[in-house]
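> I am attaching a structure below and will ask some questions about it afterwards.
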Amino acid sequence: DIQMTQSPSSLSASVGDRVTITCRASQGIRHDLGWYQQKPGQAPKRLIYAASSLQSGVPSRFSGSGSGTEFTLTISSLQPEDFATYYCLQHNTYPLTFGQGTRVEIK
Amino acid sequence: QEQLVESGGGVVQPGRSLRLSCAASGFTFSSYAMHWVRQAPGKGLEWVAVISYDGDTKYYADSVKGRFTISRDYSKRTLYLQMNSLRVEDTAVFYCARGVGPSPPLIDYWGQGTPVTVSS
């Protein structure tokens, strides 16, 4: 199975900060990666697909980059509604595997 | 717009069975693969199973293989997850989700989830 190692597991940031979250795959997965946001009590919502393509309707402050084994999700200017948990998901090979999640909290 | 509504969750004793359903609307159900994903209380997301758009191909996580069965009914636009021999560690919110793109398909839309509690 492909292991997805996500870091950090949590972070504290202020409104307006630039935030970067990283996912590393245990083997190359090309661009077969998505990023999701989950707020408490809600279903996840897709932000990014194909590693760097922005989902329709998602604010442009979210961006994704990377290929192969290293990927990043960047929030250029953190907004109050962005405080949530973020997950990466690889869909290169079955079983699909998620990162452990990154909880973004208010400083 | 796309909508996925899960049902069938509840409290069940270890060793018993439960069937989850997911009603799809707002898109051409027969054109998309469908997934089940679960989330144990306070934990991260775990992929469970997928069924191809035509129902011919299914994959499962090792943790549920041989116990869970994914299926779909095109006339009812409904996805199912038959869960047998349930264990305490199967306690989770179960989400159905749509898959898009070439295999393995990435998840785009999610339902709101249905909770399953396995307890004696």
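> Do any strands (runs of 3 or more DSSP E) lying entirely in the range B:10-59 carry at least 2 residues that are away from every other protein chain (no Cβ under 14 Å), and which ones are they?
So the answer is B:10-12, B:18-25.
> Which is within 11 Å of the chain's Cα centre (by Cα) and in a strand (DSSP E or B), of B:Ile107, B:Ile70?
Sole residue among the options that is within 11 Å of the chain's Cα centre (by Cα) and in a strand (DSSP E or B): B:Ile70.
> Something else now. Being open to solvent by 30 Å² or more (accessible area, probe 1.4 Å), over 23 Å from B:Gly101 (Cα atoms) and among the hydroxyl-bearing types (Ser, Thr, Tyr), is that true of even one residue in the range B:49-65?
There is at least one residue in the range B:49-65 that is open to solvent by 30 Å² or more (accessible area, probe 1.4 Å), over 23 Å from B:Gly101 (Cα atoms) and among the hydroxyl-bearing types (Ser, Thr, Tyr).
> Exactly one condition in (1) open to solvent by 10 Å² or more (accessible area, probe 1.4 Å); (2) closer than 23 Å to A:Thr93 by Cβ is false for B:Pro14; which is it?
That leaves (2) as the condition not met.
> For the range A:7-24, enumerate the residues that are open to solvent by 10 Å² or more (accessible area, probe 1.4 Å) and assigned to a strand (DSSP E or B).
A:Ser7, A:Ser10, A:Leu11, A:Ser12, A:Thr20, A:Thr22, A:Arg24, listed by residue number.
> Have a look at B:Ser85, B:Ser120 and point out the one that is modelled with pLDDT under 95 and open to solvent by 60 Å² or more (accessible area, probe 1.4 Å).
B:Ser120
> State whether one or more residues within the range B:68-78 are within 13 Å of chain A (Cβ to nearest Cβ), basic (Lys, Arg) and touching a Leu at 6+ places or on another chain (Cβ under 9 Å).
Scanning the range B:68-78 turns up no residue that is within 13 Å of chain A (Cβ to nearest Cβ), basic (Lys, Arg) and touching a Leu at 6+ places or on another chain (Cβ under 9 Å).
> Which residues, counting only those in the range A:92-107, are more than 14 Å from the chain's Cα centre (by Cα) and either within 14 Å of chain B (Cβ to nearest Cβ) or open to solvent by less than 20 Å² (accessible area, probe 1.4 Å) (or both)?
A:Asn92, A:Thr93, A:Tyr94, A:Pro95, A:Leu96
> Could you tell me whether the range B:91-100 includes any residue that is farther than 20 Å from B:Gln3 by Cα, in a strand (DSSP E or B) and within 11 Å of chain A (Cβ to nearest Cβ)?
The answer is no; no qualifying residue exists.
> Hey, does the range A:71-78 have a residue that's exposed (fewer than 13 other Cβ atoms within 10 Å of the Cβ), within 11 Å of chain B (Cβ to nearest Cβ) and either over 30 Å from B:Gln3 (Cα atoms) or of a type in the set (Gly, Ala, Ser) (or both)?
No, there is no match, as no residue in the range A:71-78 is exposed (fewer than 13 other Cβ atoms within 10 Å of the Cβ), within 11 Å of chain B (Cβ to nearest Cβ) and either over 30 Å from B:Gln3 (Cα atoms) or of a type in the set (Gly, Ala, Ser) (or both).
> List the pairs whose first member sits in the range A:36-64 and is within 11 Å of another protein chain (Cβ to nearest Cβ) and surrounded by fewer than 15 Cβ atoms within 10 Å (Cβ to Cβ), whose second member is of a type outside the set (A, V, I, L, M, F, W, C) and not in a loop (DSSP other than H, G, I, E, B), and whose Cβ atoms are under 8 Å apart, counting only residues at least 6 apart or on separate chains?
A:Ser53/A:Gly64
The values are calculated or read from the model by the stated rules, or taken from the named source; none is laboratory data. Owing to the predicted nature of the structure, the values given are computational and were not obtained by experimental measurement. Glycine gets a Cβ as well: all are built from the backbone with ideal geometry, and neighbour counts include every protein chain shown. These accessible areas exclude ligands, DNA and RNA; they are computed on the full protein's heavy atoms, side chains included. Shrake-Rupley method; radii C 1.70, N 1.55, O 1.52, S 1.80 Å.
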